[in-house]
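One structure below.
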Amino acid sequence: YLFSILRDGLSYLAICPSEVSPLLVLEFLHRVADIFADYFGTPADESAIKDNFSTVYQLLEEMVDHGWPLTTEPNALKAMIRPPTVMGKLQSVVTGGSNAVVSDALPSGTVSNMPWRAAGVRYNQNEIYIDIVEEIDAIIDATGNVVSSDVSGSIQAQSQLSGIPDLLLTFKNPEVIDDCALHPCVRYGRFESDKVLSFVPPDGNFELMRYRVKNSTMQGFHPPIYVHPHWSFSENSGELTGNVSLTVGIRSISSLI
């Protein structure tokens, strides 16, 4: 069985000798691509992989154990394998060795029930940023009415909080949320019963949640933009020419949170 994804111009392939859950393999490949982007910057393209090949090798060695995903949390990996630095690259050029710095000690989250969060995190200013990124696929007729639509989104977070913060995120209308994919830090039982996100966040950037909007709640849906087409035709010396112009504007819509 062959699985592949395309990210930043690179194809990530996984070969499985027996039948496994396809979503498990695809999610792991996306996680590998995310880790590379976190370590080497965006885009994690071919040149980034070539320049940091030794670090890539060490990361894959820690992320996969005998063919199964093992450590995929960025904080746990950074505690074992430090991200590449300019000094590390200069040292590897001079000495001819590897620029991957591997720690001999296990990360603190490995022996706890929160492997996604490092211990002893301290900030002078505690803050967290939440971004909702949504993608709308819709077909609109000539009169502006929505023929069909599909809305999917994700909640991206950047956490800079000290200690072990316990956070609660509530939604204005949780009934519209469907097909959720939650970060391991979210308490799934609490979300199933109360439709709220109760979690201890990882440190740094992470994706808290992915979701889709129920089609049954899309009645009367108006997209956040409107498009008005205008076209005209003219004939000059026997030649028929046409002109099409589009007027695009923004509508205000309510927030999910």
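The values are calculated or read from the model by the stated rules, or taken from the named source; none is laboratory data. Everything numeric here is computed off the predicted structure, so don't read it as measured data. Positions of Cβ are generated from backbone atoms using ideal geometry, with glycine treated the same way; all protein chains shown enter the neighbour counts. Surface areas here come from the heavy atoms of the whole protein model, side chains and all, with no ligands, DNA or RNA. Shrake-Rupley method; radii C 1.70, N 1.55, O 1.52, S 1.80 Å.
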**Asked** Which residues, counting only those in the stretch 35-65, are part of a helix (DSSP H, G or I), touching a helix residue (DSSP H, G or I) at 6+ places or on another chain (Cβ under 8 Å) and open to solvent by 50 Å² or more (accessible area, probe 1.4 Å)?
**Response** Asp38, Asp51, Leu60
**Fill in**
Of Gly204, Gly144, the only residue that is closer than 30 Å to Tyr123 by Cβ and either open to solvent by 20 Å² or more (accessible area, probe 1.4 Å) or of a type in the set (Gly, Ala, Ser) (or both) is Gly204
**Asked** What is the number of the single condition among (1) open to solvent by less than 40 Å² (accessible area, probe 1.4 Å); (2) modelled with pLDDT of 90 or more; (3) farther than 29 Å from Leu26 by Cα that Ser159 does not meet?
**Response** (3)
**Prompt:** Do we have any residue at all in the stretch 118-128 that's modelled with pLDDT of 85 or more, within 27 Å of Asp203 (Cα to Cα), surrounded by 11 or more Cβ atoms within 10 Å (Cβ to Cβ) and under 22 Å from the mean Cα position of the chain (by Cα)?
**Reply:** yes
**Message:** For the stretch 109-196, give me every one of the strands (runs of 3 or more DSSP E) that falls completely inside it and has 1 or more residues that are within 22 Å of Pro223 (Cα to Cα).
**Reply:** 127-140, 146-160, 177-182
**Asked** Looking at the stretch 15-59, which of its residues are under 17 Å from Glu207 (Cα atoms) and either touching a residue at least 60 places away in the same chain (Cβ under 8 Å) or among the charged types (D, E, K, R) (or both)?
**Response** Glu27, Arg31, Asp34, Asp38
**Request:** Please work out if Val227 is at pLDDT 85 or above and of a type in the set (A, V, I, L, M).
**Result:** no
